[in-house]
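Visitor: The structure is given below, and queries will be raised subsequently.
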Amino acid sequence: MISTLRHQLVSGETTPEAILKKLAGDISARDGQTGAYLSHDLESALNEAANADLSLPLGGIPIAIKDNINVLGQPCTAGSKFLSENYESPYDATVIQKLRAAGAIPFGRTNLDEFAMGSATENSALKLTRNPHDPERIPGGSSGGSAAAVADLTAIAALGSDTGGSIRQPASHCGVVGLKPSYGRVSRFGLIAFASSLDQIGPLTHSVEDAALILQAIAGYDERDSTSLDVPVPDYLTGLNDGVKGLKLGLPKEYFGDGIDPGVRQKVEKAVQALADQGAELVEISLPHTQYAVATYYVIAPAEASSNLSRFDGIRYGHRTASPTDILDLYKKSREEGFGPEVKRRIILGTYVLSSGYYDAYYSQAQKVRTLIRRDFENAFEKVDAILSPVAPSPARKIGALGDDPLQDYLADIFTIAANLAGIPAISVPVGTVDSDGGKNLPVGLQILGPHLGEAKLLQIAKAAEAL
Ligand code: GLN
């Protein structure tokens, strides 16, 4: 998609302004139903487009941005009431600076679960987002707005963030490509932090090639993020078409057990077989600590969130309660009024597992299990080049199906969260659709996981899977 548009831009067949106006028209026409966008500012994007340098790799290409990534002068709500009233970003996140340096134009802010906590975008305090394939269903989450916008063709491509699956799972549910880079590959500076040891920014796109183009633009060391890695960024496009012949692809038995929807299993197994037909060697492997991944994640992520979210106190930015009696009352009421129920649940959980007396039993224990999960992958990557699995056990569920019980959604994160705990890259590629009971076609994604900093090979395998 991007390279076609780039050719048209360079040849003068179209202009950045025309692309933006077309997108804005499509947003007006369709986004009332889909609800992918929280805001968009056509006028300032057109001003940027007037100066677009079409010789750059993403010259003149608009990119939608998840509303937890700071873009200078724009709102950045994180899907929360806390930041939706009066916050405007005072600076560009590093990924935005890098996109601009590559010629891209950030355009439109996409909906998300509040502070990226969720798997359905239903935890957004601001808006409901629907799956473009079936408006009765969730788009997935937390980057549900980014995935829905790409699937609805109201975005050329989008950025999301992934702490436990938030790029890959909505990509799978909406039938688009979603890449979570290795921890440290992309700067987190300017991303509103959820769980700092797990968060990564990455692309949601129409194609694997588009994902490679965007990763190329946003990857690299940043002195403002001490966890970003000072290692050279390879060329992600060179080997993209090299195929899977001779590669060893691991199938973890723990990822193909009970509880997977039969339609999802069939599509994923068919894609796996097709990769084997193209010359890949399939190897059965084991990731023995998989069963502890959900519990480990739901200790570590809330622990880090409870610390990260302490900055929202009603003093420096965001919501402040109207008439507090004293400073403590100001903190309490501002937080009580500003945060939604899932965010409060995570803060309470996180504070609990970090409290003295429970720290060793929960938080330290979870860190030890995290190490075991990381070692599972290190051992596996001694035998195989990449690992294949489903992204989610089921296709997109109906909106509202869970009521007030988040546990089913937590459990459905089983295939995505281990990659974050281990810091390794993973991509979701659409591999077909299954029929819903309502007669709609619901997309299914194949997940490909690779060793740390192994994005190039991951994209190469994804490209082969996409071609099927
Ligand atoms: N679904 C997971 C959660 O609710 C992951 C969210 C994410 O990756 N931001 O925490």
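Visitor: Here is a list: ALA361, ALA366. Which entry is within 16 Å of the ligand (Cβ to nearest atom), over 29 Å from PRO443 (Cα atoms) and outside any loop (DSSP other than H, G, I, E, B)?
Guide: Exactly one residue qualifies, and that residue is ALA366.
Visitor: Any residue at all in the range 231-241 that's touching an Asp or Glu at 6+ places or on another chain (Cβ under 7 Å), assigned to a helix (DSSP H, G or I) and more than 16 Å from the ligand (Cβ to nearest atom)?
Guide: Among the residues of the range 231-241, not one is touching an Asp or Glu at 6+ places or on another chain (Cβ under 7 Å), assigned to a helix (DSSP H, G or I) and more than 16 Å from the ligand (Cβ to nearest atom), which makes the answer no.
Visitor: Please work out which one of (1) out of contact with any helix residue (DSSP H, G or I) (no Cβ under 7 Å at 6 or more places or on another chain); (2) away from the ligand (no atom under 16 Å from the Cβ) is the condition ALA116 fails and give its number.
Guide: Only one criterion is unmet by ALA116, namely (2).
Visitor: From the residues in the range 335-357 that are open to solvent by 60 Å² or more (accessible area, probe 1.4 Å) and among the hydroxyl-bearing types (Ser, Thr, Tyr), which one is farthest from the chain's Cα centre (by Cα)?
Guide: SER356
Visitor: Here is a further query. For the condition open to solvent by less than 10 Å² (accessible area, probe 1.4 Å), touching a Leu at 6+ places or on another chain (Cβ under 8 Å) and more than 24 Å from ILE138 (Cα to Cα), what is the one hit in SER3, SER89?
Guide: Unique residue meeting the criteria: SER89.
Visitor: Determine which single condition ASP31 fails, assuming it passes every other condition in (1) among the charged types (D, E, K, R); (2) open to solvent by less than 60 Å² (accessible area, probe 1.4 Å); (3) touching a strand residue (DSSP E or B) at 6+ places or on another chain (Cβ under 7 Å); (4) farther than 22 Å from HIS133 by Cβ.
Guide: Of the numbered conditions (1) among the charged types (D, E, K, R); (2) open to solvent by less than 60 Å² (accessible area, probe 1.4 Å); (3) touching a strand residue (DSSP E or B) at 6+ places or on another chain (Cβ under 7 Å); (4) farther than 22 Å from HIS133 by Cβ, the odd one out for ASP31 is (4).
Visitor: May I ask you to list the residues in the range 397-426 that are among the acidic types (Asp, Glu), part of a loop (DSSP other than H, G, I, E, B) and either under 16 Å from TYR292 (Cα atoms) or open to solvent by less than 40 Å² (accessible area, probe 1.4 Å) (or both)?
Guide: Of everything in the range 397-426, just one residue is among the acidic types (Asp, Glu), part of a loop (DSSP other than H, G, I, E, B) and either under 16 Å from TYR292 (Cα atoms) or open to solvent by less than 40 Å² (accessible area, probe 1.4 Å) (or both), namely ASP413.
Visitor: How many residues does the range 180-209 contain that are among the basic types (Lys, Arg) and either in a loop (DSSP other than H, G, I, E, B) or farther than 19 Å from ALA462 by Cβ (or both)?
Guide: Qualifying residue count for the region: 2.
Visitor: I'm checking my understanding of the structure. Among residues of the range 168-202 that are under 10 Å from the mean Cα position of the chain (by Cα) and over 20 Å from THR227 (Cα atoms), which one is nearest to the ligand (Cβ to nearest atom)?
Guide: Only one residue tops the list, namely GLN169.
Visitor: Out of the range 31-48, which residues are among the small types (Gly, Ala, Ser), assigned to a helix (DSSP H, G or I) and out of contact with any Leu (no Cβ under 6 Å at 6 or more places or on another chain)?
Guide: If the condition is that a residue be among the small types (Gly, Ala, Ser), assigned to a helix (DSSP H, G or I) and out of contact with any Leu (no Cβ under 6 Å at 6 or more places or on another chain), then GLY32, SER44 are the ones that fit.
Visitor: With the checklist (1) within 16 Å of the ligand (Cβ to nearest atom); (2) open to solvent by 10 Å² or more (accessible area, probe 1.4 Å); (3) under 15 Å from the mean Cα position of the chain (by Cα) in hand, flag the one item ALA151 doesn't pass.
Guide: Failed condition: (1).
Visitor: Would you say ALA24 is open to solvent by less than 30 Å² (accessible area, probe 1.4 Å), modelled with pLDDT of 95 or more and in contact with a Lys or Arg (Cβ under 9 Å, 6 or more places away or on another chain)?
Guide: No: the conditions fail for ALA24.
Visitor: For the range 310-334: of the residues being part of a helix (DSSP H, G or I) and touching a Lys or Arg at 6+ places or on another chain (Cβ under 8 Å), which is nearest to the ligand (Cβ to nearest atom)?
Guide: Taking the candidates together, the pick is SER334.
Visitor: Another question about this same structure. I'd like to verify a number: residues in the range 360-396 that are in contact with a helix residue (DSSP H, G or I) (Cβ under 7 Å, 6 or more places away or on another chain), open to solvent by 10 Å² or more (accessible area, probe 1.4 Å) and among the hydroxyl-bearing types (Ser, Thr, Tyr), how many?
Guide: 3
Visitor: Let me ask another. For the range 284-326, what are the residues that are over 24 Å from ARG188 (Cβ atoms), touching a residue at least 40 places away in the same chain (Cβ under 8 Å) and open to solvent by 50 Å² or more (accessible area, probe 1.4 Å)?
Guide: Once the filter is applied, which keeps residues that are over 24 Å from ARG188 (Cβ atoms), touching a residue at least 40 places away in the same chain (Cβ under 8 Å) and open to solvent by 50 Å² or more (accessible area, probe 1.4 Å), the range 284-326 yields PRO288, TYR292, ALA295.
The values are calculated or read from the model by the stated rules, or taken from the named source; none is laboratory data. Quantities reported herein were computed from a predicted structural model and do not represent experimental measurements. Reconstructed Cβ throughout: ideal geometry from the backbone, glycine too, with neighbour counts over all protein chains shown. The protein model used for the area step is the full one, side chains on, heavy atoms only, and it has no ligands, DNA or RNA in it. Shrake-Rupley method; radii C 1.70, N 1.55, O 1.52, S 1.80 Å.
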